[in-house]
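The values are calculated or read from the model by the stated rules, or taken from the named source; none is laboratory data. Only a predicted model underlies this, so the values are computations on that prediction, with no experimental measurement involved. Here the Cβ positions follow ideal geometry from the backbone for every residue, glycine too, while neighbour counts run over all protein chains shown.
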Amino acid sequence: MVCRRVAFVVVTILLLASLVPLAHAIEEQLKPVEEEARDWLGLMKFAESLHATTKGMKYWYECCGMGKYVGVPYEALFCKKCHATCESCHAVKDENGNVVDFSISVAKDRNTCLKCHGRQAKAIALGQKNPEWADVHLIGLGVNCVYCHSSKEVHGMHGKFNYMFEGKGVFEISCEKCHIEKRIGPPVIKTIPEHEQHLDDIGCSACHSPTTVTCYNCHLSYAYETYKRQGKPVKKVIPITGWMLLVKDKRTGKIVPGNIMVLVWTGKDVEAVRVDIAQMFPHIVTTKARHCEDCHATANVKELLEKRELRLVWIENGEVKHLNGIIPIVEGTKLVLQTFAWDPQAGKLKPYKAVTVNVDDTLIENTAALTWKELEKLAKPQQST
């Protein structure tokens, strides 16, 4: 009887011991499930994300932008229509446009992103027409947006932000993450003279992006009026390429590409022009970088140093003209811009006002101007090796 009890205890111990690895294996199998559950909980934050709320546009319009002048609340504008829903990115539709399913693969297709992100679509189209401006990632490698932009970025899982560059910003991706940390792409050769000189104080895209795409002069009041009448805004802008503004990222102190937004409001009661300048990523990255002469001792730099003012956009012989090349945005200087208003009867944009703005009044919160000392450095001639 005792032997049987001992045998039972031994078998029980052995059985329990054999279950330990099994339990461990089950635990390991459950980890991805738990992580997936946490991801789904994270997706609940999407409703508060900038993607879903367009809060970035609302924040700037109300606090510092055109909203200060025109008295039209953001909620009345068409801008809020740009907010993304789950359906915007994940819907599978039949030939009649009806949603029949939801898919992750649809969200990974860059054409899904480009339906809303029009400037990026223009950048790709520009590179397809001009090989010198072809983005090495989007065109050369054919990668999708999600290759660089994580689901955390898209779904707003980094916390609440008023706009995308606030604080640490919503973006996880950087050139350094692939080309230095992960060694996914060609490694950065730090011994190149240009890298030795500028790698710590100039962003990669300032040299490796040949142009930015600017949608210049949005006649906002006309778009607003057409939106009220027909439920869809008619947007009239002037596309500009061939230039690049240089600004500074306040978070890193690095010199990076910038872009300019000019909004025009015409009406019986209110007339206003708002100019904003912010850092931006051009999405036109090339292996070929700029030469020293492209930035140093240029005509734009010399004129700015001499006059403390640059004329960016003007009318010449009835045509719209603009500066080309590198345009430093420098503290204490001024910019002169011709603005335009859409004439429905003529069916074209007509000259409206030439405005002069102080650079210091145009910079959004995450963006700083170059200093006068930095402009003086740019004025010194340099030659590429």
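Details
- The set of residues in the stretch 295-318 that are surrounded by 15 or more Cβ atoms within 10 Å (Cβ to Cβ) and assigned to a helix (DSSP H, G or I) comprises Asn300, Val301, Leu304, Leu305.
- Residue among Ile277, Ile327, Ile284 that is assigned to a loop (DSSP other than H, G, I, E, B) and aliphatic (A, V, I, L, M): Ile284
- Residue list for the stretch 305-338, restricted to those being among the acidic types (Asp, Glu) and closer than 17 Å to Val275 by Cβ: Glu309, Glu331
- Residue, surrounded by the most Cβ atoms within 10 Å (Cβ to Cβ), within the stretch 116-148, restricted to residues that are over 17 Å from the mean Cα position of the chain (by Cα), of a type outside the set (A, V, I, L, M) and outside any helix (DSSP H, G or I): Asn130
- Single condition Ala107 does not satisfy, out of (1) over 23 Å from Thr214 (Cα atoms); (2) touching a Lys or Arg at 6+ places or on another chain (Cβ under 8 Å); (3) crowded, with 19+ Cβ neighbours inside 10 Å: (2)
- Subset of the stretch 330-343 (residues that are crowded, with 19+ Cβ neighbours inside 10 Å, of a type outside the set (A, V, I, L, M, F, W, C) and either in a loop (DSSP other than H, G, I, E, B) or touching a residue at least 60 places away in the same chain (Cβ under 8 Å) (or both)): Thr333, Thr339
- Among the residues of this structure, Gly347 counts as one that is modelled with pLDDT under 95 and surrounded by fewer than 18 Cβ atoms within 10 Å (Cβ to Cβ).
- Residue ID - modelled with the highest pLDDT, chosen from residues in the stretch 52-82 that are more than 15 Å from Leu263 (Cα to Cα) and not in a helix (DSSP H, G or I): Pro73
- Scanning the stretch 232-258 for residues that are surrounded by 20 or more Cβ atoms within 10 Å (Cβ to Cβ) and of a type in the set (A, V, I, L, M) returns Ile240, Met244, Leu245, Leu246, Val247, Ile255, Val256.
- In the stretch 69-104, residue farthest from Glu153 (Cα to Cα) [restricted to those that are basic (Lys, Arg) and out of contact with any helix residue (DSSP H, G or I) (no Cβ under 8 Å at 6 or more places or on another chain)]: Lys93
- Test for Arg290: is it among the charged types (D, E, K, R) and surrounded by 17 or more Cβ atoms within 10 Å (Cβ to Cβ): yes
- Flag if Pro193 is surrounded by fewer than 17 Cβ atoms within 10 Å (Cβ to Cβ), touching a residue at least 24 places away in the same chain (Cβ under 8 Å) and under 29 Å from Gly127 (Cα atoms): yes
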